[in-house]
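One structure is given below, encoded as C-alpha cells.
The values are calculated or read from the model by the stated rules, or taken from the named source; none is laboratory data. Keep in mind that this is a model prediction, so the values were computed, not measured. Methodologically, a virtual Cβ is constructed for each residue, glycine included, from the backbone with ideal geometry; neighbour enumeration extends over all protein chains shown.
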Amino acid sequence: MDIARTPSTPDGNPHLADAPPEPREPPVIRREDYQPFGWLVPTTHLAFDLEPEQTTVTATLQVERNPAATPSPILRLNGDGLKPLGVEVDGEPVNSWAMEGDDLMVTLPAERHQVRVVTRLNPAENSQLMGLYASGGMLCTQCEAEGFRRITFFPDRPDVLSTYTVRLTGDKHAFPVLLSNGNKVAEGALADGRHFAEWHDPWPKPSYLFALVAGDLVARRDRFVTRAGRQVELAIWVADEDLSRTQHAMDSVKQAMRWDEDVFGREYDLDAFNIVAVGDFNMGAMENKGLNIFNTKYVLADVDTATDGDFDGVQGVIAHEYFHNWSGNRVTCRDWFQLSLKEGFTVLRDQLFSEDMHSAAVKRIEDVRVLRSIQFPEDSGPLAHPIRPDSFREISNFYTATIYNKGAEVIRMMRTMAGTARFRVATDLYFARHDGEAATCEDFIRAVEDGAGLDLSQFRLWYGQAGTPVVTASTRGENGELVLSLRQTTPPTPGQPDKRPMPIPLKVAVHDRASRTLGEERLILLDEAEQEVRLPFTGSTPALSINRGFTAPVSLRRDVSLDELLFLATCDDDPFSRSEALQELAVRHLVHRPDAAGRDALGEAFRATLADESIDDMLRGELLMLPGMSYLMEQVERGDPGELHARREGLKAWLGDRLGDEMRDHYARAAAVPFALSAAAKGARKVKSAILSYLAAADPKAAALIAAEQSAAADNMTDRQGALMVLAGLDLPERAEQLAAFFERYRSNPLVIDKWFAIQAMSAHPLVIDQVRELERHPDFTLRNPNRVRSLFMAFTGTPQGFHAPSGEGYRMIADLILRLDPINPQTAARFVAPLGRWRRLEAGRAALMREQLQRLADAPRLSRDTYEQVSRSLG
Ligand code: B3K
Ligand code: ZN
C-alpha cells in the first residue's frame, strides 16, 4: 500500500481516512498463516500522564528489522480505537504514516529507528475493562490478549518481546500509589501536587504482560527469600477497608513460591512481587510480570465473608498466576493459537500444587467434576475446538475450559506416561531451551519427548482433535486372565467429521469381589481403535477398576453389573474410582435404568459411605454428591432438563428419607466440630451441607428448621451460605427473613452481596424467573461490574426451571442480557452465548425456543466481534 497517497478526510488530516464501516463478518485468523513480525522492538519506553478522563501516553519504541522475517519498510503498529496525536521518527515529527483500519502504518527507510507516538485515552469511559480503565477510583490495566493496543500503538502480538521502562505521573492525592512491572527505579514529587514513579522490568516481555496501577491503596507486606538467596519484597495492594482480608492471599503467595522451587525448580526473578485487587475485572486474575492484577474475589478472604471453597479458590488462583512467571512469562507463546502452552500447563501446575496442599484425592475428584460439567459439554457442542485451535475471529472467546482444563489433562497424560521424575527432566529441558522465547505447543511436546524419552508422534493428535473420546470397555475371564476389550471413538465436532485413534493412558486394577482382594495397579495404553489387554486374574468375581485417578480425559462406557459397581463404590482403594462408581450408579438410575434395584444399590453405597470410618469427611462429603445437572444432561440424547431435575430431586428425597437417621447422626456429629480451617473441620462442614441438601429434598419443613439453626449458630460463611442455599430453594417464610438478614449484615461488602444475588438466582425455587427479574432492578445490580452480572445471570443459566422454563422465558432473558451488555462489555456478554448453544441436546420444544433467541441475536445490528463469533458458531 502506498502510504503517501492516503485519501484526505473532511477534517483535513491526510492520515485519518474515513473509518470503513465495520464488516458484518469479522475476519478469520488462521494458525497456518503465522509469519514472524518484520521488526524487533528491543526497548519500549512508556510515559503516562494519568488523569481519569484524559490520560496521555507517549510510547517510544526502538525498532530494528527482524532478520528472520520478510523485509519490509512498513512497521504495522496495532491500535484499537486510538488516534495518533503525533508521530515522530528518530526525534522528528513525520508524515510518513497512515491508518489502515485501526492500525498505524509507519514507513521506515533504514535498519533501525526510534518511533514515538502519542495517544490520549479516557479510562473513566472504558466499560470494556480492556486496556487502561478506572475501577473504584483507581486506574488499572488489562492487556491480555489484545488490550495493549487500546493504550498505545504497538506490535500487539505475543512474539514481540521488549524491555520496558515506564514512567507514571499523576496526582499525588488521587493516586498516591503508582505501580508497574519490574522494579521501581525512581520516584519523586512534581509541581501542582503531582508525583511520578519510574519502573524498569529487566525481563523482555510481550505487550500482553504490561500493567500499571495508580490508586489510593494500602499494602500487606511480607518478604520471601528464594533458594538462591534473593530477597523478594512481597506486597498485596487493596483498598484500606479490605486489608484485614489479605493474610490468606499472602500465605498462599509464599506457599506457591516455595512449592515451585521444590517441585519444578523454578525461582522468582525480580526483587519485588506485587499483587493488586480490583473490584471490576473481566476474569479471575492476570499474571502481568511482577505485578499480578486480581479480581478481589481471588484475593480477599476471611472466615466471616469467605467460604471454604473461596479460601481454596484464592490459594489456587494466587498460585496459578504466580506459576505463570515461568510457564507464560519467562517462556511465552508464539501466537494465541498456542494459548494452551501456558494455560494448560499452568492449570496442571496449580492443580498439582493444590493436591500437595490438601487432600490429593479430593482435589482430583473436584477437578474432574469441573472438567465434566464444563469442558465435556463444550467439547460435545457447537463451540468445540481442539486445545490448539486452527482459527478464531476473537481470541477472547478461546479462554475456555478446553484450552485450560482439557489442556491441563493432556499435559497430565504426558506426565503419567513419563512418570513424575522423567516429567521433571522434561520440564527442566523445556524451560532451559525456551527461556526468553515465545514458544509453541510443538516445542513443549518435543521437550517432553527429548527429556522424558517418550515417542509422542501419535499423541500429538490430542492437540489437534476436538471432542471427548468415548472408550468402551468389556471383560471376559480366560485361563487365569481377565481379557479387557477396549474400543475408542471420538465423535465428530465442527469442522472435524473424522477422528483418528489417540493414545489413551489408563490406570487399571482388577479386584476380586468374593475374596475382597484388591488387585495391583498398572498402566495400560490404548492407542488403537480396538484393542485387547490381558490382565492376570485368578479369582472368579472380578471388579475392574479402570481410568483410576482419571488418567485420561475420556468418557467411559462399561458394561458392568450393579454388584461390581457397588463393590467399586465401597471398596476400591482408589478414591477417584470410588467416586466414579457412585456417580455411575446415580447416572444409571437417573438416566438409563430407573429401577428399584439400581436405586437400592445406590442407597447401599451411600449407607456404606456414611458408615465408612476409613475415610475422612472431606472425601465423604465429596462422595455424597450426586452428579450435577450439566453432567447428567450430557448423558442424554435430547433431554428435558425439567424432568431430569425432578428425577434427581426425587432421588435426593428418597436418599434423604431412607438414610435420614444416619444422615441426621452425621449432621449432629459434624455440627459439633468447632470452626477451624483444618481439613477435618472443613470436611465436617462439607458433610453438613451435603446432608442438608438431602434432608431438604426429603422434608423441606424440617430441613428449613435445621438450616435456620445452622445459620443462627454460624461463626463462618461456609455454614451461613450453606444454610441460605437450602432456604433459598424452599417456598417457606424463613426464606425471605434469612435473605433479608444476610443482605443487611453484608450490605457494604460487594463480594458477599454477589453471593446473595447468586444464591437466589441459582435456587430451585419455583418462582426463580420472577425473582431474577426483580433482582435485576435491585439498586445494587449493575451491568458495569462483571462479578455482579455473573452472580445473577450465570448462576441463573444453571437453573432447570428458570433458564430452561418450557415457555422459553429464561432463554429470552439471557438473550436480552446479551443485547444490553454487548455494547458495554463484549467480552463478558459473549460468555453468555454458550448456555444458549446447548440446543442440540434438548428436546425439540426447548431446542426451537433456544434457537429462536440465537437467531434474534444473530439478526441484531452491530454485535461485537466477540458475541458475533459465538452466536454464529452456536447456530452453526
Ligand atoms: N492469562 C489470564 C487470562 C486472560 C484472559 C484474557 N481474556 C489469566 C490466567 O489464565 O491466568
Ligand atoms: Zn492462566
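Please find, among Thr416, Thr400, Thr427, the residue that is out of contact with any strand residue (DSSP E or B) (no Cβ under 6 Å at 6 or more places or on another chain), at pLDDT 95 or above, closer than 30 Å to Glu584 by Cα and of a type outside the set (Gly, Ala, Ser).
Going through Thr416, Thr400, Thr427 in turn, just one is out of contact with any strand residue (DSSP E or B) (no Cβ under 6 Å at 6 or more places or on another chain), at pLDDT 95 or above, closer than 30 Å to Glu584 by Cα and of a type outside the set (Gly, Ala, Ser): Thr400.
For region 120-149: of the residues being surrounded by fewer than 23 Cβ atoms within 10 Å (Cβ to Cβ) and among the acidic types (Asp, Glu), which is nearest to Ala239 (Cα to Cα)?
Going through the qualifying residues, I end up with Glu125.
Quick one: would you say Ala301 is in contact with an Asp or Glu (Cβ under 9 Å, 6 or more places away or on another chain) and either more than 26 Å from Phe576 (Cβ to Cβ) or in a helix (DSSP H, G or I) (or both)?
Numbers: in contact with an Asp or Glu (Cβ under 9 Å, 6 or more places away or on another chain): yes; either more than 26 Å from Phe576 (Cβ to Cβ) or in a helix (DSSP H, G or I) (or both): yes.
Against the criterion (in contact with an Asp or Glu (Cβ under 9 Å, 6 or more places away or on another chain) and either more than 26 Å from Phe576 (Cβ to Cβ) or in a helix (DSSP H, G or I) (or both)), Ala301 qualifies.
What residue, among those in region 389-408 that are away from ligand 1 (no atom under 11 Å from the Cβ), in contact with an Asp or Glu (Cβ under 9 Å, 6 or more places away or on another chain) and assigned to a loop (DSSP other than H, G, I, E, B), is farthest from Ser872 (Cα to Cα)?
Within region 389-408, the match that is farthest from Ser872 (Cα to Cα) is Asp390.
Quick one: which of Leu610, Leu590 is aliphatic (A, V, I, L, M), surrounded by 19 or more Cβ atoms within 10 Å (Cβ to Cβ) and closer than 25 Å to Val370 by Cα?
Values: Leu610 fails: surrounded by 19 or more Cβ atoms within 10 Å (Cβ to Cβ).
Just one listed residue meets the conditions, Leu590.
Please verify whether region 205-221 includes one or more residues that are under 29 Å from the mean Cα position of the chain (by Cα), assigned to a strand (DSSP E or B) and surrounded by fewer than 16 Cβ atoms within 10 Å (Cβ to Cβ).
yes
Can we say Ala361 is within 16 Å of ligand 2 (Cβ to nearest atom), touching a Ser or Thr at 6+ places or on another chain (Cβ under 9 Å) and closer than 30 Å to Leu624 by Cβ?
No: the conditions fail for Ala361.
Limited to region 364-392, what total is found for residues that are more than 28 Å from Thr867 (Cα to Cα) and within 16 Å of ligand 2 (Cβ to nearest atom)? First the steps, then the outcome.
Restricting attention to region 364-392, the residues satisfying the condition of being more than 28 Å from Thr867 (Cα to Cα) are 364-368.
Of the ones still in play, those that are also within 16 Å of ligand 2 (Cβ to nearest atom) are 367.
Number satisfying all stated conditions: 1.
I'd like the full set of residues that are assigned to a loop (DSSP other than H, G, I, E, B) and either out of contact with any helix residue (DSSP H, G or I) (no Cβ under 7 Å at 6 or more places or on another chain) or more than 23 Å from Met717 (Cα to Cα) (or both), limited to region 748-786. Give the derivation first.
Pass one, region 748-786, residues assigned to a loop (DSSP other than H, G, I, E, B): 748-749, 762-767, 777-785.
Result: Ser748, Asn749, Ala764, Pro766, Leu767, Arg777, His778, Pro779, Thr782, Leu783, Arg784, Asn785.
Please determine whether any residue of region 80-93 is touching a Gly at 6+ places or on another chain (Cβ under 6 Å) and β-branched (Val, Ile, Thr). Even if it seems obvious, please write down each step before you answer.
Looking only at region 80-93, we keep the residues that are touching a Gly at 6+ places or on another chain (Cβ under 6 Å), and these are none.
Taking every residue of region 80-93 in turn, none turns out to be touching a Gly at 6+ places or on another chain (Cβ under 6 Å) and β-branched (Val, Ile, Thr).
Could you list, ordered by first residue, the pairs with Cβ atoms under 9 Å in which the first is in region 639-653 and more than 18 Å from Arg841 (Cα to Cα) and the second is at pLDDT 95 or above and among the hydroxyl-bearing types (Ser, Thr, Tyr), at least 6 apart or interchain?
Note: pairs meeting the criteria are Lys652/Ser693; Lys652/Tyr694; Ala653/Tyr694.
Here's the yes/no breakdown for (1) within 16 Å of ligand 2 (Cβ to nearest atom); (2) crowded, with 24+ Cβ neighbours inside 10 Å; (3) in a loop (DSSP other than H, G, I, E, B):
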| position | (1), (2), (3) |
| --- | --- |
| Trp259 | no, no, no |
| Asp262 | no, no, no |
| Glu267 | no, no, yes |
| Leu270 | no, no, yes |
| Phe273 | no, no, no |
| Val276 | no, yes, no |
| Met283 | yes, no, yes |
| Lys289 | yes, yes, yes |
| Phe294 | yes, yes, no |
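Condition first: away from ligand 2 (no atom under 16 Å from the Cβ) and closer than 29 Å to Asn825 by Cα. Can you find one or more residues in region 222-236 that meet it?
Within region 222-236, one or more residues are away from ligand 2 (no atom under 16 Å from the Cβ) and closer than 29 Å to Asn825 by Cα.
Out of everything in region 649-682 that is farther than 16 Å from Ala601 by Cα and among the charged types (D, E, K, R), what residue ends up being surrounded by the fewest Cβ atoms within 10 Å (Cβ to Cβ)?
Top of the filtered list is Asp661.
Answer yes if at least one residue in region 315-323 is crowded, with 24+ Cβ neighbours inside 10 Å, of a type in the set (A, V, I, L, M), part of a helix (DSSP H, G or I) and within 13 Å of ligand 1 (Cβ to nearest atom), and no otherwise.
Looking through region 315-323, at least one residue is crowded, with 24+ Cβ neighbours inside 10 Å, of a type in the set (A, V, I, L, M), part of a helix (DSSP H, G or I) and within 13 Å of ligand 1 (Cβ to nearest atom).
What single numbered condition from (1) within 14 Å of ligand 1 (Cβ to nearest atom); (2) closer than 30 Å to Arg851 by Cα; (3) of a type in the set (Ser, Thr, Tyr) fails to hold for Ser340?
Ser340 satisfies all of (1) within 14 Å of ligand 1 (Cβ to nearest atom); (2) closer than 30 Å to Arg851 by Cα; (3) of a type in the set (Ser, Thr, Tyr) except (2).
Given the criterion under 22 Å from Ile769 (Cα atoms) and in contact with an Asp or Glu (Cβ under 8 Å, 6 or more places away or on another chain), identify the matching residue among Glu852, Glu843. Explain how you work it out, then say what you get.
Values: Glu852 fails: in contact with an Asp or Glu (Cβ under 8 Å, 6 or more places away or on another chain).
After applying the criteria, what remains is Glu843.
Working carefully through the options Leu556, Leu619, find the one that is touching a residue at least 12 places away in the same chain (Cβ under 8 Å) and in a helix (DSSP H, G or I).
Details: Leu556 fails: in a helix (DSSP H, G or I).
Unique residue meeting the criteria: Leu619.
Given Gly147, Gly137, which one is outside the structural domain of Gln827 (by TED's automatic domain parsing), more than 16 Å from ligand 2 (Cβ to nearest atom) and out of contact with any Cys (no Cβ under 9 Å at 6 or more places or on another chain)? Working first, answer last.
On the way: Gly147 fails: more than 16 Å from ligand 2 (Cβ to nearest atom).
From the options Gly147, Gly137, the qualifying one is Gly137.
If I ask for residues that are aromatic (Phe, Trp, Tyr) and either farther than 19 Å from Leu383 by Cβ or not in a helix (DSSP H, G or I) (or both), which ones from region 817-876 would you list? Steps first, please.
Filtering region 817-876 down to residues aromatic (Phe, Trp, Tyr) leaves 832, 839, 868.
The answer is Phe832, and nothing else.
Yes/no matrix, rows are residues, columns are (1) within 16 Å of ligand 1 (Cβ to nearest atom); (2) touching a residue at least 24 places away in the same chain (Cβ under 8 Å); (3) in contact with a helix residue (DSSP H, G or I) (Cβ under 7 Å, 6 or more places away or on another chain):
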| site | (1), (2), (3) |
| --- | --- |
| Asp262 | no, no, no |
| Ala272 | no, yes, no |
| Gly279 | no, yes, yes |
| Gly290 | yes, yes, no |
| Lys297 | yes, yes, yes |
| Asp302 | no, yes, yes |
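Return the residues of region 107-117 that are more than 19 Å from Glu146 (Cα to Cα) and not basic (Lys, Arg); say none if nothing qualifies. Don't jump to the end; show me each part of the working.
Going through region 107-117, the residues more than 19 Å from Glu146 (Cα to Cα) turn out to be 107-116.
Answer for region 107-117, where residues must be more than 19 Å from Glu146 (Cα to Cα) and not basic (Lys, Arg): Thr107, Leu108, Pro109, Ala110, Glu111, His113, Gln114, Val115.
Consider Ala858 against the criteria (1) of a type outside the set (S, T, N, Q); (2) surrounded by fewer than 19 Cβ atoms within 10 Å (Cβ to Cβ); (3) touching a residue at least 40 places away in the same chain (Cβ under 8 Å): it satisfies all of them except one. Which criterion is unmet?
(3)
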